[in-house]
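The values are calculated or read from the model by the stated rules, or taken from the named source; none is laboratory data. Computed from a prediction, not measured in an experiment: that's the story for all the values here. For neighbour counting, all protein chains shown are included, and Cβ atoms are generated from backbone atoms with ideal geometry for every residue, glycine included. Side chains included, ligands, DNA and RNA excluded: accessible areas come from the protein's heavy atoms. Shrake-Rupley method; radii C 1.70, N 1.55, O 1.52, S 1.80 Å.
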Amino acid sequence: MVKVSAGATTVRIPRQRGRRQDSFLLVVPERPSLTARALHTVGLLLWRQRLALLPTATAVLLLLLAAILHVLAPWAGVLVAVAGLLPLLVLAIPPLRRRVKGGERSWQWAAAAAAAVVGLWTALAILLGPLCGPLGVLWFLGLLGAQGAWFVLRRSISKETD
C-alpha cells in the first residue's frame, strides 16, 4: 500500500503483459501549495516592477559586494576610495569643448556628489564591514533616498514625454 498526500489524484495503471510485472503508480498534484503560489505571486510582482525597483536591487547588490570584499580583500577599500573621488576631480576641471549651462552643471555636480558618497560608503564598508557602526543606517537611508529620487525622476520624465 502506498501513502498518497491529501489533495493528490492517483492514477493506477494496470499490470502490463510481457516481462514487466510491476504496476505503476502515478501521483499528480491537483494544485500547488500555498507557499508555492505565494512565491510565484511575489516573483511575478517583482518581475513586473523590476525597473521601478532598480535602486533597491543596486543597493542590495552593493551591500553584498562590500561584504564579500570585506572578507576576501579589505585592502580593496583604499582603491575604491580613490575611485570614489574621481567624479569630483573630473568636475573640477573646466569643460574644454563647450560652455555648460547652469542647470546642466548643477545636475552634473549632484550626480558627481552622489557617486562620490556611494564610492566613499563602499570604501568604508569594505574596510570596516558593511554593517559596522552607522554604515548600516547610512546604507538604509541612502537606499530610501535613491528609491525616492528614482520615483520622482521617473514620474517627471514620463510627464515630459506625454
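Data overview
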{"read-out": "Residue ID - modelled with the lowest pLDDT, chosen from residues in region 15-62 that are of a type in the set (Gly, Ala, Ser) and assigned to a loop (DSSP other than H, G, I, E, B)", "value": "SER23"}
{"read-out": "Those residues of region 71-87 which are open to solvent by 60 Å² or more (accessible area, probe 1.4 Å) and assigned to a helix (DSSP H, G or I), in sequence order", "value": "VAL71, LEU72, VAL78, LEU79, VAL82, LEU85, LEU86"}
{"read-out": "Near pairs, Cβ below 9 angstrom, 6+ apart or cross-chain, from region 109-127 (over 17 Å from LEU141 (Cα atoms) and without any contact (Cβ under 8 Å) to a residue 24 or more places away in the chain) to any residue that is open to solvent by 10 Å² or more (accessible area, probe 1.4 Å) and assigned to a helix (DSSP H, G or I)", "value": "TRP109/LEU88; TRP109/LEU91"}
{"read-out": "Filter result (under 14 Å from LEU64 (Cα atoms) and open to solvent by less than 60 Å² (accessible area, probe 1.4 Å)) within region 103-131", "value": "TRP121, THR122, ALA123, ALA125, ILE126, GLY129, PRO130"}
